[in-house]
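S.K.: Have a look at this one.
The values are calculated or read from the model by the stated rules, or taken from the named source; none is laboratory data. For clarity, every value in this text was computed on a predicted model and none was experimentally measured. Cβ placement follows ideal geometry from the backbone for every residue including glycine, while neighbour counts extend to all protein chains displayed.
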Amino acid sequence: MAVKVIIPTPLRTYAQRREFAELEARTVGEALGGLTSLYAELRKHLYTDEGHIRSFVNVYVNDDDIRYLANENTPIKDGDTISIVPSIAGGGREFVRVC
Amino acid sequence: MATRVQPTPSKASQTPLSKQEVLRYSRHLIMPEVGLEGQLKLKQAKVLLIGTGGLGAPLGLYLAAAGVGRLGLVDFDVVDFTNLQRQVAFGTSDVGRPKIEAARQRLGDLNPEIEVVPHEAKLTSDNALDLFRDYDVIVDGTDNFPTRYLVNDACILLGKPNVYGSIFRFEGQATVFGYRGGPCYRCLYPEPPPPGLVPSCAEGGVLGVLPGIVGAIQAMETIKLILGRGDLLVGRLLLFDALAMRFRELKLRKNPACPVCGEHRTITQLIDYYEFCGVRGEEAPVTQANVPEIAPRELKSRLDRGDDLYILDVREPHEYQICNLHGHLIPLGELPRRLHELDTSREIVAHCRSGKRSADAVDFLRKAGFRKVFNLKGGILAWSDEVDPSVPKY
């Protein structure tokens, strides 16, 4: 199934600044696996060392959170969009102040 | 004696509007969705803004202009030159003043009919509940994870709605948490990212208009919440991509296992949020492995002496354009694959803006076998302070 994976701004730096990727996959897990094989640096930002999706990274198929579907086994239909939505804390002050 | 206008059908409020107020709010009053009844609800409302930065500026301005009767402000920062690019409540003459003071003056000038209550304090687990108790709606415009979780938990414990907005570079998120049993921030994100995975300063920055848009969305939701009108962003996470100019919406569900608002709550009082987020102290940078350093003045005298030093600038190309020390530019992220450009026989001094990224670079290079590598202590900021004030700071 052809699926579009939207890469969020904070993670684009680990995905050659790409905004999305188009992949062939049958499940969410396969799509994310395909994405991290394209962009290896993304892996540690999406998965824990134990291979679970990180708790501050939410994954949606269309507008549904996969935690309320079948997690990574959630099946994908042709034309679905997967969104990766990490938590961001910013309120418009200086991120740069810390470094 | 001033003419007083009493609301007829509603008992929502006994507070009348003065003739002045009727004139001021006339564009609200002639709209049936607000009307006199709605305007009196706004006048009676007590809203607490956490943070008076990028999000707080449009929030404060619009809520004050709309006539929210009591507007509490929590902040402890002072206005800085770099704030002015987006914190539109402040002017150049406010630089150096406490934000809370500058904001109170600006909002008081915008609308003297309302009460602006400054709370010049850092929001902590010790003061949050007492501060929140007196307000109807809490609006989260902070900039760090510990405070976000603190605001969430305090709102849930007190049963107050939390109007949430957050931004990063050119992307924003907004929703309303904890409203009438709706989902909370922990339902959305049970845990914060560990400090090491938060984007570095090379990835910082924000388009100035973005907090304006997201803050205005928060202001709109706050007003709708007070008026009891329209569909609130409850159970919906609004995502905004300013570059694509696209809004998207995702379903946000209440997590039955949520530790603060779920069926079996384990968080029944405020906790230590810095510990929870893995940081000690606000914005605490993760301290680098000890790497050999060189102070700016020492570098200057060695360069003046004609020592053969290789200056390695590990910032990004767009930062190099702002100012540079004529170093060889290899962004930190490219260093691993561009090692061949370096000469192991020469002494290398790595620098970045403040010394953090270059400390990572020095650590990396030493592990890669480079022996004569030093980090410019304090980076180009310290160079500007101690050696060459003509170098701009950013």
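S.K.: Here are some conditions: (1) surrounded by fewer than 24 Cβ atoms within 10 Å (Cβ to Cβ); (2) part of a loop (DSSP other than H, G, I, E, B); (3) among the β-branched types (Val, Ile, Thr). B:Val68 meets all but one. Which one does it not meet?
M.R.: It fails just one condition, (1).
S.K.: Sticking with this structure for a sec: Does the stretch B:25-59 hold any residues that are closer than 17 Å to B:Phe132 by Cα and of a type in the set (Gly, Ala, Ser), and which are they?
M.R.: Within the stretch B:25-59, B:Ala45, B:Gly51, B:Gly56 meet the criteria.
S.K.: Then there is this: Only one of these conditions is not met by B:Ala65: (1) closer than 15 Å to B:Val209 by Cβ; (2) more than 11 Å from every other protein chain (Cβ to nearest Cβ). Which number is it?
M.R.: (1)
S.K.: Still on this structure, please answer the following. For the stretch A:46-85, enumerate the residues that are on the phi > 0 side of the Ramachandran plot and more than 11 Å from chain B (Cβ to nearest Cβ).
M.R.: Answer for the stretch A:46-85, where residues must be on the phi > 0 side of the Ramachandran plot and more than 11 Å from chain B (Cβ to nearest Cβ): A:Gly51, A:Asn71, A:Gly79.
S.K.: I need the strands (runs of 3 or more DSSP E) fully contained in the stretch B:282-394, keeping only those with at least 2 residues that are free of Cβ contacts under 8 Å to residues at least 60 places away in the same chain and outside the structural domain of B:Lys122 (by TED's automatic domain parsing).
M.R.: Once the strands (runs of 3 or more DSSP E) in the stretch B:282-394 are filtered for at least 2 residues that are free of Cβ contacts under 8 Å to residues at least 60 places away in the same chain and outside the structural domain of B:Lys122 (by TED's automatic domain parsing), what remains is B:309-313, B:347-351.
S.K.: Quick one: count up the residues across the stretch B:48-64 that are in contact with a helix residue (DSSP H, G or I) (Cβ under 6 Å, 6 or more places away or on another chain) and either assigned to a strand (DSSP E or B) or of a type in the set (Gly, Ala, Ser) (or both).
M.R.: Of the residues in that region, 5 qualify.
S.K.: Follow-up question, since we're still on this one. Could you check the stretch B:127-171 and list, in sequence order, the residues that are closer than 19 Å to B:Asp77 by Cα and more than 10 Å from chain A (Cβ to nearest Cβ)?
M.R.: B:Asn127, B:Ala128, B:Leu131, B:Val139, B:Leu150, B:Val151
S.K.: Which ones in the stretch A:3-23 are touching a Leu at 6+ places or on another chain (Cβ under 6 Å) and more than 11 Å from every other protein chain (Cβ to nearest Cβ)?
M.R.: Passing the criteria: A:Val3, A:Val5, A:Ala15, A:Ala21.
S.K.: Exactly one of these conditions fails for B:Glu341: (1) crowded, with 20+ Cβ neighbours inside 10 Å; (2) within 26 Å of A:Arg17 (Cα to Cα); (3) of a type outside the set (A, V, I, L, M). Give me its number.
M.R.: The single condition B:Glu341 does not satisfy is (1).
S.K.: In the list B:Gly208, B:Gly228, which residue meets the criterion of being surrounded by fewer than 19 Cβ atoms within 10 Å (Cβ to Cβ), of a type outside the set (S, T, N, Q) and at pLDDT 95 or above?
M.R.: B:Gly228
S.K.: May I pose another question? Test B:Leu270 against the criterion of being modelled with pLDDT of 95 or more and part of a loop (DSSP other than H, G, I, E, B), and give yes or no.
M.R.: Judged against the criteria, B:Leu270 is a match.
S.K.: Answer yes if at least one residue in the stretch B:191-199 is at pLDDT 90 or above and within 9 Å of another protein chain (Cβ to nearest Cβ), and no otherwise.
M.R.: No, because not a single residue in the stretch B:191-199 is at pLDDT 90 or above and within 9 Å of another protein chain (Cβ to nearest Cβ).
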